[in-house]
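Participant: Shown below is the structure under consideration.
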Amino acid sequence: QVQLVESGGGLVQAGGSLRLSCTASGRTFSTYAMAWFRQVPGKGREFVSTISWSGGSTVYADSVRGRFTISRDNAKNTVTLQMNSLKPEDTGIYYCAARDPRRDYRASRAYDYWGQGTQVTVSS
């Protein structure tokens, strides 16, 4: 079992930055690949970024590549999403999620554990 808790959301102006953190409980954190998704009202969860269990491999959605950076610290059971050059279209609830590394990272159904989400609002 893994429990995930996100923090760091808030309100920021376009062009600004935010840093989201996800803290996991459980001794098996380092065996999971981790990801961030986001969701806006009326739409499904959108893949943002994923990082391998070791931290050696990362993938980003086209919409955030070059602006967002995902990282993890297995010693501290944390995964972080640094978001720079934020745009109004980045607004949404951001979720941290954990999956078996053998599963396809793109599908939300591949993830076994989810956090409660943290709101990010980017004003124009």
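The values are calculated or read from the model by the stated rules, or taken from the named source; none is laboratory data. Please read these numbers as outputs of a predicted model, since none were measured by experiment. Here the Cβ positions follow ideal geometry from the backbone for every residue, glycine too, while neighbour counts run over all protein chains shown. For accessibility, only protein heavy atoms count, side chains too; no ligands or nucleic acids. Shrake-Rupley method; radii C 1.70, N 1.55, O 1.52, S 1.80 Å.
Participant: So Phe29 clears everything in (1) modelled with pLDDT under 95; (2) within 22 Å of Gln116 (Cβ to Cβ); (3) open to solvent by 50 Å² or more (accessible area, probe 1.4 Å) except one condition, right? Which one?
Facilitator: Checking Phe29 against (1) modelled with pLDDT under 95; (2) within 22 Å of Gln116 (Cβ to Cβ); (3) open to solvent by 50 Å² or more (accessible area, probe 1.4 Å), the one that fails is (3).
Participant: Within the bounds of the range 58-73, is there any residue that is of a type outside the set (D, E, K, R), free of Cβ contacts under 8 Å to residues at least 60 places away in the same chain, in contact with a helix residue (DSSP H, G or I) (Cβ under 8 Å, 6 or more places away or on another chain) and open to solvent by less than 60 Å² (accessible area, probe 1.4 Å)?
Facilitator: yes
Participant: Give me the strands (runs of 3 or more DSSP E) completely within the range 1-42, filtered to those with at least 2 residues that are within 18 Å of Ser123 (Cβ to Cβ) and not small (Gly, Ala, Ser), ordered by residue number.
Facilitator: Result: 10-13, 18-25.
Participant: Considering each residue of the range 49-105, count those that are under 16 Å from Val120 (Cβ atoms) and either out of contact with any strand residue (DSSP E or B) (no Cβ under 7 Å at 6 or more places or on another chain) or in a loop (DSSP other than H, G, I, E, B) (or both), and give that number.
Facilitator: Matching residues across the range 49-105 total 10.
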